[in-house]
Amino acid sequence: MLFRRICNSLTRFDPNPLLCHRKLANPLANFASCPQFLNLNRFKSLSHSSSSGAHKSFSSNSKMGDARRPPAVPIPAVETADRAELYRALEASLGCTFRSDPLTPNPNPLIIVISGPSGVGKDAVIKRLREVRQGIHFVVTVTSRAKREGEIDGKDYFFVSKEEFLSMVERNELLEYALVYGDYKGIPKQQIREFMAKGCDIVLRVDIQGAATLRRILRDSALFVFLVAESESALVKRLIDRKTETKETLMVRVATAREEVKHIRDFDYVVVNADGKLDGAVKLVESIIDAEKAKVRQRNVVI
Ligand SMILES: Nc1ncnc2c1ncn2[C@@H]1O[C@H](COP(=O)(O)OP(=O)(O)OP(=O)(O)O)[C@@H](O)[C@H]1O
């Protein structure tokens, strides 16, 4: 008898719940809504429309207790009913159709600022990160410094004259710029906008001074990662081995590096790039990005 009643109530509903968009004919009128699922939908629509881009939490009015009310339509025994049968019975009992679109919006594109003392391995980490991770765009900075051997214009930097650089500053085309060791370096805004619009995460490589300026401009809307070597001695050896410095610039870079480590507190994360362990450092940076993507309250950057 009970079994026949269940069958009768189930046959009144669309046999394919995944294609059923209309409101199910619910035999129990007072079960016209299902608060717990309406709350999920509210969560979705709030998140999608939110100007802050932050994920919203469930409504505090959520009556989770409703889910534990005795089902209005009998639910078949889980041991004997097949999945489709149970699914339809749950929909019928709750009086709504289960939606299959994602419950959470896509995470916001991130701006990841990677900084650290000279010679710590910023370029090396970013180069490897780009090899192993999809969907990130490394912003090519504009610089007035001379090209080093092996560097490619438009790939490593955009090399421009001092005059050209200063006219970009006048046209407000740079997010941030600075005079570093006698040369100008700046971040073109347009490139960031273009790639964020495509959904890419943006990686910015800046020195400590640049990171401090970016922090003032972007505040918590960007992610700041500080790279360090495992020790001061390792950092100095790395700079010497790179063979790109004169003895004068080497002195300046080493002296500056000692000061720069003190700025670590202005960053969100610190990553040790230990000698011979470049991949480990890159993995940690990737984990940080992944964790940021899973955050309920997303960073939301506007350039
Ligand atoms: N984990 C590592 N182990 C060994 N060598 C490394 C490691 N990371 C980077 N290096 C080497 O250290 C040197 C400095 O690295 P890199 O040029 O990437 O530093 P940087 O922080 O970008 O420096 P700068 O700010 O002066 O441009 C390079 O020769 C690089 O190959």
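Quote the relative contact order of region 164-303 in percent (integer), defining contacts as alpha-carbon pairs under 8 Å separated by 6+ residues. Kindly include the intermediate steps, with their values, before the conclusion.
On the way: 101 pairs, mean separation 34.4, N = 140.
Value for region 164-303: 25 percent.
Students often get this wrong, so check it: of Lys198/Lys262; Lys155/Lys277; Lys162/Lys277; Lys147/Lys189; Lys185/Lys262; Lys198/Lys277, which have C-alpha atoms separated by over 28 Å? Numbers along the way, then the final one.
Values: Lys198/Lys262 36 Å; Lys155/Lys277 25 Å; Lys162/Lys277 37 Å; Lys147/Lys189 22 Å; Lys185/Lys262 22 Å; Lys198/Lys277 32 Å.
In this structure, Lys198/Lys262; Lys162/Lys277; Lys198/Lys277 exceed 28 Å between Cα atoms.
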Taking Lys243 as the anchor, which aspartates and glutamates have their alpha carbon closer than 16 Å to its alpha carbon, excluding any fewer than eight residues away along the same chain? Asp123, Glu149, Glu151
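No value in this document is a laboratory result; all are computed from the given coordinates. Keep in mind that this is a model prediction, so the values were computed, not measured.
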